[in-house]
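The values are calculated or read from the model by the stated rules, or taken from the named source; none is laboratory data. Since the structure is predicted, the reported quantities are computational estimates derived from the model, not experimental observations. Methodologically, a virtual Cβ is constructed for each residue, glycine included, from the backbone with ideal geometry; neighbour enumeration extends over all protein chains shown.
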Amino acid sequence: MSKGKLGLNTICTHTGEIKDEQFKGAVSPIYMSTSYQFEDVEVKRYPRYYNTPNQEYLSKKIAALEHAESALIFGSGMAAVSTTFLAFLKSGDHLVIQNPLYGGTSNFIRKEFPKYGIEYTFTDGYQVSDFEKAIQSNTKLIHLETPSNPLLTITDIRAVASLAKSNNIVASIDNTFASPILQNPIDLGIDIVIHSATKYLGGHSDILAGAVAASKEHIHQIWEVGINLGGSLSDFMVWMLERSMKTLGLRVKAQSKNAKKLAKFLQNHPDVEHVYYPGLKDHPEHELAKSQMKSYGAMLSFELNNNLNASEFLNSLELIKPSMSLAGVESTMLLPALTSHALLSQEERDKLGISNGLIRFSLGIESKKDLIKDIEQALNKIRH
């Protein structure tokens, strides 16, 4: 059967699976060996070379979902980000990188790039004009993130990709918040798609991984750096990730449906000051999100009224977990100022609009009524 004709959930379930020819098991066997034959073989396999059977085959699933020629799996999202950046940037080169974006990526650039003599410019915003203004004669890479973490801003992917191509610059994107279920940046002109696979691809809060999808040429360039940095993933975790991705389409769609309902609930709640969610019609980039996403995602952020304490609210929740990370089947909330963006200074967070009371809400697959009930009881506790 032609892979191009397979449905989304069929790709999630079957593409990249390893057939158990010996015992005819229903799931891929796991190959835990760290040592393979080197003579009279087509491929010399070694875990750090990203080409063990489980690594190789799961990469096919990720590439298929992102409409890419090839993919690589890494030990973490930051391993995917750092390896990609270092594959396309050397001393004297310049990076244009979007603000706002994930705090870990910002911290990596600020702390590590000066050591390598790599120049960089954070954009003043997330409009294409902000990217254009930041380009220099030595710019080699443009990196964006949409929807952004944690304010859910939306960047025009087509416009930034076109800008990059017209200047002969490689364009990469962090597609973690959308997942390949809701957004396929390569179809919009982006060269390289990066994921923290810890999030939606894993989806059960028990896997740490990263992924990159791109053309064969770009993946080979990333691979050449990756084998030296050593950020590969163990085969057991690769096997776990393949298992989790079988339900990726079902999970993300259910989570996104919950997010849209909870965003509307919070928007109309008297104790909530502001809700950041691209699925709301009053979101500044609602129409743009509608044009480049299949749905609006399962992440939102909100701020309570000034007289309500965000930390007390989180500690009063009974069902929703006050927990780091995101995208699990269970709903979680956190304060970005204390977690994902804690490495930024107060001044930097203020400039980005990340208040100390901003709450990031990752929607799970629970009943909408139960989530609303938990939020209501927590607000009732801190209101008195």
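Would you point out which residue out of S325, S345 is farther than 29 Å from A159 by Cα, in contact (Cβ under 8 Å) with a residue 24 or more places away in the chain, surrounded by fewer than 20 Cβ atoms within 10 Å (Cβ to Cβ) and not aromatic (F, W, Y)?
Unique residue meeting the criteria: S325.
I need the helices (runs of 4 or more DSSP H) fully contained in the stretch 270-384, keeping only those with at least 2 residues that are at pLDDT 95 or above. Show your work before the answer.
On the way: elements: 286-292, 310-316, 346-352, 368-383.
Those helices (runs of 4 or more DSSP H) span 286-292, 310-316, 368-383.
Quick one: is Y120 touching a strand residue (DSSP E or B) at 6+ places or on another chain (Cβ under 9 Å), in the same structural domain as I192 (by TED's automatic domain parsing) and either buried (at least 18 other Cβ atoms within 10 Å of the Cβ) or at pLDDT 95 or above (or both)?
Details: touching a strand residue (DSSP E or B) at 6+ places or on another chain (Cβ under 9 Å): yes; in the same structural domain as I192 (by TED's automatic domain parsing): yes; either buried (at least 18 other Cβ atoms within 10 Å of the Cβ) or at pLDDT 95 or above (or both): yes.
Criteria met by Y120.
Go through (1) surrounded by 22 or more Cβ atoms within 10 Å (Cβ to Cβ); (2) at pLDDT 95 or above for D187 and report which single condition fails.
(1)
Among the residues of the stretch 248-258, are any assigned by TED's automatic domain parsing to the domain that holds L379, small (G, A, S), touching a Phe, Trp or Tyr at 6+ places or on another chain (Cβ under 8 Å) and touching a residue at least 24 places away in the same chain (Cβ under 8 Å)?
Yes: one or more hits.
Among the candidates S291, S311, which residue alone is closer than 18 Å to L358 by Cα and either among the aromatic types (F, W, Y) or without any contact (Cβ under 8 Å) to a residue 40 or more places away in the chain (or both)? Break it down into steps so the answer makes sense when it comes.
Details: S291 fails: closer than 18 Å to L358 by Cα.
Answer to the selection: S311.
I'm trying to understand the selection: among the residues of the stretch 28-55, which are assigned to a helix (DSSP H, G or I) and surrounded by fewer than 20 Cβ atoms within 10 Å (Cβ to Cβ)?
Selection gives R48, Y49, P53.
Hey, does the stretch 295-305 have a residue that's surrounded by fewer than 15 Cβ atoms within 10 Å (Cβ to Cβ), out of contact with any Lys or Arg (no Cβ under 9 Å at 6 or more places or on another chain), touching a residue at least 60 places away in the same chain (Cβ under 8 Å) and under 25 Å from P100 (Cα atoms)?
Within the stretch 295-305 (the criterion being surrounded by fewer than 15 Cβ atoms within 10 Å (Cβ to Cβ), out of contact with any Lys or Arg (no Cβ under 9 Å at 6 or more places or on another chain), touching a residue at least 60 places away in the same chain (Cβ under 8 Å) and under 25 Å from P100 (Cα atoms)), the answer is no, since none of the residues qualifies.
So is A26 small (G, A, S), assigned by TED's automatic domain parsing to the domain that holds D206 and closer than 25 Å to T198 by Cβ or not? Quick ask: steps written out before the conclusion?
On the way: small (G, A, S): yes; assigned by TED's automatic domain parsing to the domain that holds D206: yes; closer than 25 Å to T198 by Cβ: no.
Criteria not met by A26.
Has the stretch 205-215 got at least one residue that is surrounded by fewer than 21 Cβ atoms within 10 Å (Cβ to Cβ), modelled with pLDDT of 95 or more, among the charged types (D, E, K, R) and part of a loop (DSSP other than H, G, I, E, B)?
So far as the stretch 205-215 goes, yes, one or more of its residues are surrounded by fewer than 21 Cβ atoms within 10 Å (Cβ to Cβ), modelled with pLDDT of 95 or more, among the charged types (D, E, K, R) and part of a loop (DSSP other than H, G, I, E, B).
Could you list, ordered by first residue, the pairs with Cβ atoms under 7 Å in which the first is in the stretch 365-376 and surrounded by 13 or more Cβ atoms within 10 Å (Cβ to Cβ) and the second is among the acidic types (D, E) and not in a helix (DSSP H, G or I), at least 6 apart or interchain?
D374/E318
Going through the stretch 7-27 one residue at a time, which ones are assigned to a loop (DSSP other than H, G, I, E, B) and in contact (Cβ under 8 Å) with a residue 24 or more places away in the chain?
Once the filter is applied, which keeps residues that are assigned to a loop (DSSP other than H, G, I, E, B) and in contact (Cβ under 8 Å) with a residue 24 or more places away in the chain, the stretch 7-27 yields T15, G16, E17, I18, V27.
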